[in-house]
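Q: Handing you this structure, nothing more for now.
The values are calculated or read from the model by the stated rules, or taken from the named source; none is laboratory data. Keep in mind that what you see is a predicted model, and the values were worked out from it rather than measured. A quick note on method: Cβ atoms are made from the backbone with ideal geometry, for glycine too, and the neighbour counts reach across all protein chains shown. Note: accessible area is taken over every heavy atom of the protein model, side chains too, but ligands, DNA and RNA are not part of it. Shrake-Rupley method; radii C 1.70, N 1.55, O 1.52, S 1.80 Å.
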Amino acid sequence: MGELVAYEAWHWNVVWVLLAMAIMGSAAAVLGCFSVWMRLGLSADVAAHGTLPGLLLVVALLGGAAPSPLWVLLGGMVGASLTLWFLHWMRRSNSGDAAMAVALSLSFGAGLGTLSWMQQLPGTMLPGLGQLFFGFAAGMPLSEALWLIGVSVVVLVWTVLLAPRLASVIHNSQAAQLLGEGAWLRLVFFALLLALIAMGVRAAGVVMVVGLVLFPAATARCWHWHWRAQLRWAALIGAIVPAVAVLLSAAVPAVPTGASAVCLHALLLTLSLTYCWGTARSAHGTDARRRNDNVERLA
Amino acid sequence: MSLEVEALDVRYRGGVSVLKVDALRLGDAGMTAIIGPNGAGKSSLLKAALDLAPRQGEVRFWGQPLADVRHRVAYVAQRAEVDWSFPVTVREVVQMGRFPYLGWRKRLAADDHAIVDAAIAQLQLDDYREALVGELSGGLQQRTMLARAVAQRAELLLLDEPLAALDSAQRRSVLALLEALQADGKRIVCVHHQLADLEAHFSQAVLLDGELVAQGSPSDVLEAARTRGWLSW
């Protein structure tokens with residue numbers, strides 16, 4: 001009887017976690033498309049690394065106790081925001097890639113150093129290094145899964161609502177700025193991105209969460225030439241892959257969720273690139289064919 | 001007067017002044033060209049007027065601050081400043097011109113669709129409405145940006161080098177469309193590099209070189225440039 005109860009609890013928890021990861025993956029994918037179009041892919045990576053010192057700061061403030069999802073969200077967002085601010089500050093006097101490298105190594109080093117120090121303190125409830133870096137969604141408690149679903153739904157809905165404005169800013173930022181869009185929109189976009197990354201770190205890991213953001217965007221480019229269609233493809237891919245990764249992780253607990261999701265994404269991207277290359281459907285192939293159509297029309 | 005500038009001082013990071021203008025009035029005639037050598041502050045004038053560049057001084061459109069008349073002013077940026085790689089269609093770009101009139105979700109009503117269709121037809125883009133704008137020729141891309149301005153129902157069009165990197169046929173086509181827009185009642189202010197067609201297409205010109213050097217009819221302004229030996233740019 002006891003075994004049956006334990007099995008059912010595991011079963012329902014996996015269902016909730018699976019749902020949470022699917023919605024989170026979908027929201028991450030949609031944000032990822034805009035990140036790629038706005039050329040913010042590496043900034044998202046920097047932000048993800050910056051969540052670790054923020055989370056550890058929260059644990060320290062709580063005296064070593066395990067943080068609630070709200071604290072995880074706040075700590076992660078503060079850490080990521082500070083890292084992005086540092087990146088922005090570095091860019092004023094350095095090239096973009098140098099600033100990016102410095103911000104990445106700083107956030108990674110600060111996070112790793114603080115983690116090593118805190119793990120030696122008595123009474124500190126920290127997950128293992130592997131779980132923090134590579135994620136372990138299957139072991140996520142129900143309350144955390146519900147928080148992840150809530151934050152992901154909010155992020156997804158807001159991003160979809162803002163999509164036309166974001167498209168306008170990406171295509172022609174100065175004309176958009178003239179009409180009052182621009183700075184505030186970028187701020188809201190970053191807030192959504194940081195919130196999702198902060199909440200997704202526990203499930204997918206500090207190092208891997210950015211893969212859930214960027215991989216679907218890259219794969220979706222193989223399947224359609226139009227931005228709205230790419231968003232739909234990315235959302236679909238983003239939902240399916242992490243869900244499969246959760247099942248893998250639940251079946252084989254040694255497999256971390258984030259790492260398996262990223263490997264599955266990489267496999268799907270490789271297959272997509274191969275298929276698109278073979279059928280001339282890739283972004284370049286499609287462009288070339290459509291450009292020829294346009295040239296014919298002009299002639 | 002569409003655009004009035006007083007005590008304008010444009011300084012980018014580093015603090016060096018790139019343009020100082022005591023007083024300038026633009027846009028009372030149909031088409032005005034802003035000319036001058038590279039680095040003269042031509043683009044900076046437009047950007048500073050539109051709050052896209054840091055500035056000091058007073059800028060007014062029809063006697064009002066920009067914030068009150070944003071929808072009446074359209075800006076067509078230099079081609080290099082537009083992200084042509086973003087996979088968006090001609091129709092969607094033109095629809096963006098309706099954004100100032102739309103609600104929070106930016107959903108177009110039937111009237112907006114009709115205005116967008118009319119703008120596409122006016123700029124002769126019917127065959128390309130569903131084409132990706134990034135894959136079109138430079139001339140068609142400029143026409144798309146002008147169609148967006150037309151869909152916006154802007155009265156004043158500020159264009160930053162709209163003829164740059166276009167071949168002669170495309171240049172003639174865009175100039176003809178600009179003249180048609182001007183005949184339609186639009187006021188056009190345009191940063192321009194081809195001095196050969198200045199007198200043929202523009203009714204006013206402004207010569208800049210870090211400051212206002214001359215303003216008036218194209219022939220007078222060209223004469224001022226010739227006097228200073230600046231016609232080599």
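Q: Does the stretch B:43-67 hold any residues that are more than 10 Å from every other protein chain (Cβ to nearest Cβ), open to solvent by 30 Å² or more (accessible area, probe 1.4 Å) and either within 26 Å of B:ARG13 (Cα to Cα) or under 14 Å from the mean Cα position of the chain (by Cα) (or both), and which are they?
A: B:PRO54, B:ARG55, B:GLN56, B:GLY57, B:GLU58, B:ARG60, B:PRO65
Q: Cβ contacts < 9 Å: first residue more than 10 Å from chain B (Cβ to nearest Cβ), restricted to the stretch A:169-188; second residue open to solvent by 40 Å² or more (accessible area, probe 1.4 Å), any location; separation 6+ or different chain. Result?
A: Close Cβ pairs (under 9 Å, with a partner that is open to solvent by 40 Å² or more (accessible area, probe 1.4 Å)) amount to A:ALA183/A:GLN177; A:VAL188/A:TRP158.
Q: What's the number of the only condition in (1) more than 8 Å from chain A (Cβ to nearest Cβ); (2) open to solvent by 50 Å² or more (accessible area, probe 1.4 Å); (3) over 28 Å from A:ALA220 (Cβ atoms) that B:ARG70 fails to meet?
A: Unmet condition: (1).
Q: Here is a check on your reading of the model: is B:ALA109 open to solvent by 10 Å² or more (accessible area, probe 1.4 Å), within 30 Å of B:TYR128 (Cβ to Cβ), of a type in the set (A, V, I, L, M, F, W, C) and more than 11 Å from every other protein chain (Cβ to nearest Cβ)?
A: yes
Q: Hey, another quick one. I'm told B:THR144 meets every condition in (1) under 12 Å from B:GLU92 (Cα atoms); (2) of a type outside the set (A, V, I, L, M); (3) surrounded by fewer than 17 Cβ atoms within 10 Å (Cβ to Cβ) except one. Can you identify the failing condition by its number?
A: Only one criterion is unmet by B:THR144, namely (3).
Q: Something else now. If the requirement is being of a type outside the set (S, T, N, Q), more than 21 Å from A:VAL153 (Cα to Cα) and assigned to a helix (DSSP H, G or I), which of these qualifies: A:LEU267, A:LEU236?
A: None of the others qualify; the one that does is A:LEU267.
Q: Another question, if that's okay. Could you check the stretch A:103-126 and list, in sequence order, the residues that are open to solvent by 60 Å² or more (accessible area, probe 1.4 Å) and either within 18 Å of A:LEU42 (Cα to Cα) or among the aromatic types (Phe, Trp, Tyr) (or both)?
A: Correct list: A:SER105, A:LEU106, A:PHE108, A:TRP117.
Q: Another question about this same structure. If a residue has to be closer than 25 Å to A:LEU269 by Cα and either more than 12 Å from chain B (Cβ to nearest Cβ) or open to solvent by 20 Å² or more (accessible area, probe 1.4 Å) (or both) to count, how many in the stretch A:156-168 make the cut?
A: Selection size over the stretch A:156-168: 3.
Q: Could you check the stretch B:11-29 and list, in sequence order, the residues that are open to solvent by 10 Å² or more (accessible area, probe 1.4 Å), in a loop (DSSP other than H, G, I, E, B) and not hydroxyl-bearing (Ser, Thr, Tyr)?
A: Result: B:ARG13, B:GLY14, B:GLY15, B:VAL16, B:ASP28, B:ALA29.
Q: Next up: Name the residue, out of A:VAL206, A:VAL255, A:VAL244, that is outside any helix (DSSP H, G or I), among the β-branched types (Val, Ile, Thr) and open to solvent by 40 Å² or more (accessible area, probe 1.4 Å).
A: Result of the check over A:VAL206, A:VAL255, A:VAL244: A:VAL255.
Q: For the stretch B:147-172, enumerate the residues that are surrounded by fewer than 17 Cβ atoms within 10 Å (Cβ to Cβ), in a helix (DSSP H, G or I) and not basic (Lys, Arg).
A: The answer is B:SER168, B:ALA169.
Q: Among the residues of the stretch B:88-102 satisfying the criterion of being open to solvent by less than 10 Å² (accessible area, probe 1.4 Å) and over 20 Å from B:VAL73 (Cα atoms), which is nearest to the other protein chains (Cβ to nearest Cβ)?
A: Taking the candidates together, the pick is B:VAL88.
Q: Among B:ASP127, B:ASP117, which is within 14 Å of chain A (Cβ to nearest Cβ), in a helix (DSSP H, G or I) and open to solvent by 40 Å² or more (accessible area, probe 1.4 Å)?
A: B:ASP127
Q: In the stretch A:81-90, what count of residues is obtained for those that are within 23 Å of the chain's Cα centre (by Cα) and either open to solvent by 60 Å² or more (accessible area, probe 1.4 Å) or over 13 Å from A:LEU42 (Cα atoms) (or both)?
A: Here the count works out to 5.
Q: Checking the condition part of a helix (DSSP H, G or I) and without any contact (Cβ under 8 Å) to a residue 24 or more places away in the chain, which residue from A:ALA163, A:ALA229, A:ALA195, A:ALA220 passes?
A: Within the list A:ALA163, A:ALA229, A:ALA195, A:ALA220, the selection yields A:ALA229.
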